[in-house]
């Protein structure tokens with residue numbers, strides 16, 4: 001199981017970072033000048049200035065503790081990142097597909113007036129995805145899953161392993177869309193529990209949300225101006241035809257929930273996830289006597 005705490009935050013058991021104490025600033029001016037001169041000869045004037053400021057603030061012992069803590073955190077996160085990438089490679093190799101890696105949008109063909117508000121391609125980790133979807137506690141066979149900014153199609157493939165009514169990927173980069181099509185063709189049909197899969201190359205602001213119950217997934221695909229257009233279209237669609245809808249936002253923290261939506265619990269150790277449900281979704285899934 002992936003330790004998601006290694007992908008962000010401070011690991012448990014790490015001592016708190018030291019704060020300045022009165023003892024840290026007791027040095028006489030002459031001592032500080034001598035210390036700076038020694039450091040400058042060792043590491044150069046730029047680094048000497050930075051080190052002198054730290055030592056003046058935290059004291060010598062506090063500075064050593066701070067450096068040790070930072071070194072530990074860097075090693076901790078580096079190990080977590082290596083584990084993250086290893087599991088990604090294993091997933092791709094097992095299915096003979098190409099979904100890993102990060103790609104900046106300026107390296108891709110994009111025919112959209114909203115390209116400047118897009119975010120780099122970065123796929124959801126398989127374990128994170130299954131944690132999130134497993135926590136919704138809904139009858140997936142009634143819902144259509146839509147991945148906004150589907151990229152190379154990883155979440156579309158992962159969702160096809162679940163019993164959704166249908167799975168849709170919406171991507172505005174022609175390059176990523178073509179890779180996703182190849183991945184879908186290579187993905188073994190024996191792995192699928194949903195056979196209704198559509199990959200669409202289009203701008204998310206032009207996509208019409210399915211008329212039935214839906215789970216709309218956003219792994220930080222674009223910035224707020226585009227997100228607002230997508231949500232406005234969704235709100236208008238729900239006003240015309242109310243139905244259960246869940247929003248799953250990963251690495252996206254809305255200032256306030258869209259109109260008619262409220263947060264719902266997500267039981268995942270990955271901390272950058274917000275799930276929202278509208279009234280129809282809550283009513284459909286509330287416990288019955």
(message) Looking at the range 188-289 only, what percent of DSSP beta bridges run antiparallel? Nearest 5 please.
(response) 60 percent
(request) Please sort 102-114, 175-187, 119-131, 229-241 by packing, taking for each peptide the average over its residues of neighbouring beta carbons within 10 angstrom, highest first. (result) 119-131, 175-187, 229-241, 102-114
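Report, for the range 118-260, the % of DSSP beta bridges that are antiparallel, rounded to 5.
Details: 1 of 22 bridges.
Approximately 5 percent, going by the DSSP bridge assignments.
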(request) Mind sorting 271, 152, 165 by how few other Cβ atoms lie within 10 Å of their own Cβ, fewest first? (result) 271, 165, 152
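Could you work out the relative contact order of the range 83-184? I mean the mean sequence separation of Cα pairs under 8 Å and 6+ apart, divided by the number of residues, in percent.
Numbers: 131 pairs, mean separation 29.1, N = 102.
It rounds to 29 percent for the range 83-184.
Please label the shape of the range 115-248 as rounded, prolate or oblate, based on the square roots a ≥ b ≥ c of the eigenvalues of the alpha-carbon gyration tensor (a/c under 1.5 means rounded; beyond that, a/b larger than b/c means prolate, else oblate).
Working: a/c = 1.60, a/b = 1.09, b/c = 1.47.
It comes out oblate by the Cα gyration axes.
No value in this document is a laboratory result; all are computed from the given coordinates. The shown structure was predicted, so the numbers you read here are calculated from the model rather than taken from an experiment. Cβ coordinates were reconstructed from backbone atoms using ideal geometry, including for glycine residues, and neighbour counts include every protein chain displayed.
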